[in-house]
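Below: one structure, written as structure tokens.
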């Protein structure tokens, strides 16, 4: 039964050629939430088939809206289209087409935001469900270990960013948007996702969030992120798309920070990360793997401005071959 009260959360599901079974599982997990004061927008990015046909029954719920873009927007464009239609609920929450929540997810996240006026977003721990992706499981196992080493409770955004910079903004300690709930007013301050990043657009967004606000971490498993070969992140990794996205994150942080200690730390972290990125580039080339240029356009201007730094990095990699 549809509640008559004002919605508390705007849930956003961006879709593109989803597996209908996965999408229905995601919708089922929304409908099972113990907190039912929500609206749900499903925004399809011009899929090659009729997504609406596979979720028709769910659309009988008046809280659920389905929209479809006329032309392909891309990952960032689709996420932003969702944000532009986020409604008036005080909290905003993405759920990707392959992911699911435990029934108490929304209730736990909203109560955390309601209880702390100085918290702008909530990060929630979750599991990873692998489908024929055993070769990447060690990466996610390591990611989980590092994320679960983060202390539960409140975190000062800038101090967290400082520690994250020291780690090279790697791995993505905030995590996937499916498990981050944000205050609507905070989203309006932070802005939209970058549409020119194929792989690290969520991590870049979290760096902006950390520069502008504080968050609370719930270190309990309240959902599942599905990892499979047809997912956008897996396809981008396979193609080498966004190999320099992390470098661009550093550049954007440096440009946004005023002169001071944190900016100096960001510059040092960027310089150290160059070695890793160039090593990864040479590794793909030596392995005969394709290296997409998509999303890497900011490296050339940087190389022209800092030729000695980039040349030194390249020479170090050549000497170690």
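Using 0.36 nm per residue and subtracting the Cα-Cα separation, the extra length available between residue 268 and residue 154 on full extension is 38.3 nm. Looking at the range 9-236 alone, DSSP beta bridges between its own residues are antiparallel in about 30 percent of cases. Taking every Cα-Cα distance in the range 9-236 and sorting them into 5 Å bins starting at zero, the pair-distance distribution P(r) comes out as 1, 6, 15, 20, 21, 19, 11, 5, 1, 0 percent. Here each label is just a point 7 Å from Cα along the line to Cβ, and for residue 137 and residue 188 those points are 4.6 nm apart. Along its principal axes, the range 183-229 has C-alpha extents of 32, 29, 16 angstrom, given from the largest down.
Dividing the mean sequence gap of close Cα pairs (under 8 Å, 6+ apart) by how many residues the range 9-236 holds gives a relative contact order of 28 percent.
Look at 263, 108 and count the other Cβ atoms within 10 Å of each Cβ; fewest to most, that gives 263, 108.
Could you list 207, 65 so that the one with the fewest beta carbons within 10 Å of its beta carbon is first and the one with the most is last? Please list the in-between numbers first.
Values: 207 23, 65 14.
So the residues, fewest neighbours to most, are 65, 207.
Kirkwood hydrodynamic radius, the range 60-104, all distinct C-alpha pairs: what's the number in Å?
Details: mean 1/r = 0.0788 Å⁻¹.
Over the range 60-104, the inverse of the mean reciprocal pair distance is 12.7 Å.
Compute the FRET efficiency between residue 6 and residue 220 as 1/(1 + (r/R0)^6), taking r as their Cβ-Cβ distance and R0 = 22 Å, and round to the nearest 0.05. According to the calculation, E is roughly 0.20.
Out of every Cα pair in the range 124-187, what percent are spaced more than 15 Å from each other? List each step's numbers first, then the result.
Values: 1233 of 2016 pairs.
Taking all Cα-Cα pairs of the range 124-187, the fraction more than 15 Å apart is 61 percent.
Sorting 61, 125, 202 by the number of Cβ atoms found within 10 Å of their own Cβ, with the fewest placed first, yields 61, 125, 202.
Where a number appears in this text, it was derived from the coordinates with a stated rule and is not lab data. Only a predicted model underlies this, so the values are computations on that prediction, with no experimental measurement involved. Neighbour counts run over all protein chains shown; Cβ positions are idealised from the backbone, glycine included.
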